[in-house]
Amino acid sequence: NAALPAGDGANFLDKTPRYYFAIPELFRVFPEAHYILHFRNPLAVLVSILTTWVRGEWLGLGNARVDLLEAPQRLLAGREILGARAIEVHYEDLVNHPEEVMKTICCQLELDYVPEMIMYGQLDLPHWQHADQKSVYRYDRPEPSHADQWIDHLTHPQFWRLAHDYLQLLGPVIVSSMRYDFEALLKMITPYTPSWPARLFTFSFEWLAQRPPQKRAFWERRLVWFVRRFLQPEIKAR
């Protein structure tokens, strides 16, 4: 209702990643709306969170627990609830074949496709205060290299440990339901398996993500600081 007086457009778009919490409620309120469910390789999502939000403060993973463990299941459940009203989009398809994907979306939304949807340029874009500040203004269209960029970070033993643990926690059923290949992802990370001594000084996904950092004991915070400072390799900017 607050948005209605602001303009005279025929379409209204609203978006936030954590709408996965409220898909059933949204569908009850807006049964005729179209819902775009955006999936991405879960390991790429993990690495994105680690590089954008956690940034080496490993206990910060606790703040993203719901986004990593609950979101996939809720999105899959939402897909079943929405049925034909759901438009499923995969990040990898979008960056590799943006024109094809956007034309499909526009067709389902009964909108006209225009090239500026993917050739958005650098036209006076407002500068965000949050999220990825490294590359969002560097490109003027979807960048295909971003789809597999997460792999580069697996050379760090803690990144590898978290990727391996997270994949096992999701399991083959959830991963395949998201339309990704569990075994293929496992094969992708296997060559980066760190040595046993390096793995010894890493923390498991379950331990780091069990609760937010502000709820961790002092000794836990000091332990993570000590291991990162003296026993793990430096995290290099990429």
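Key figures
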{"read-out": "Tally of residues being in a helix (DSSP H, G or I) and open to solvent by 70 Å² or more (accessible area, probe 1.4 Å) across the range 97-109", "value": "6"}
{"read-out": "Subset of the range 155-185 (residues that are free of Cβ contacts under 8 Å to residues at least 60 places away in the same chain and not in a helix (DSSP H, G or I))", "value": "D181"}
{"read-out": "Residues of the range 77-96 classified as among the hydrophobic types (A, V, I, L, M, F, W, C), more than 29 Å from M119 (Cα to Cα) and surrounded by 17 or more Cβ atoms within 10 Å (Cβ to Cβ), total", "value": "1"}
{"read-out": "In the range 1-23, the residues that are free of Cβ contacts under 8 Å to residues at least 24 places away in the same chain and assigned to a helix (DSSP H, G or I)", "value": "L4, P5, A6, Y19, A22"}
{"read-out": "Only listed residue being among the charged types (D, E, K, R) and surrounded by 17 or more Cβ atoms within 10 Å (Cβ to Cβ), chosen from D152, D140, D165, D181", "value": "D165"}
{"read-out": "Exclusive hit being assigned to a helix (DSSP H, G or I) and either of a type outside the set (G, A, S) or at pLDDT below 95 (or both), set D93, D112, D140, D132", "value": "D93"}
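Residues checked against (1) modelled with pLDDT under 95; (2) not hydrophobic (A, V, I, L, M, F, W, C):
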{"residue": "Q149", "(1), (2)": "yes, yes"}
{"residue": "H156", "(1), (2)": "no, yes"}
{"residue": "L162", "(1), (2)": "no, no"}
{"residue": "R179", "(1), (2)": "no, yes"}
{"residue": "K215", "(1), (2)": "no, yes"}
{"residue": "R228", "(1), (2)": "no, yes"}
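For every residue, the table says whether it meets (1) hydroxyl-bearing (S, T, Y); (2) at pLDDT 95 or above; (3) open to solvent by 60 Å² or more (accessible area, probe 1.4 Å).
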residue: D8; (1), (2), (3): no, no, yes
residue: D14; (1), (2), (3): no, no, yes
residue: E25; (1), (2), (3): no, yes, yes
residue: P42; (1), (2), (3): no, yes, no
residue: V66; (1), (2), (3): no, yes, no
residue: E70; (1), (2), (3): no, yes, yes
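The values are calculated or read from the model by the stated rules, or taken from the named source; none is laboratory data. Being a predicted model, the structure only gives us computed values, none of them experimental. In this analysis, Cβ positions are derived from the backbone assuming ideal geometry, glycine residues included, and neighbour counts consider all displayed protein chains. Ligands, DNA and RNA are stripped out before the accessible areas are found, and what is left, the full protein with its side chains, is counted by its heavy atoms. Shrake-Rupley method; radii C 1.70, N 1.55, O 1.52, S 1.80 Å.
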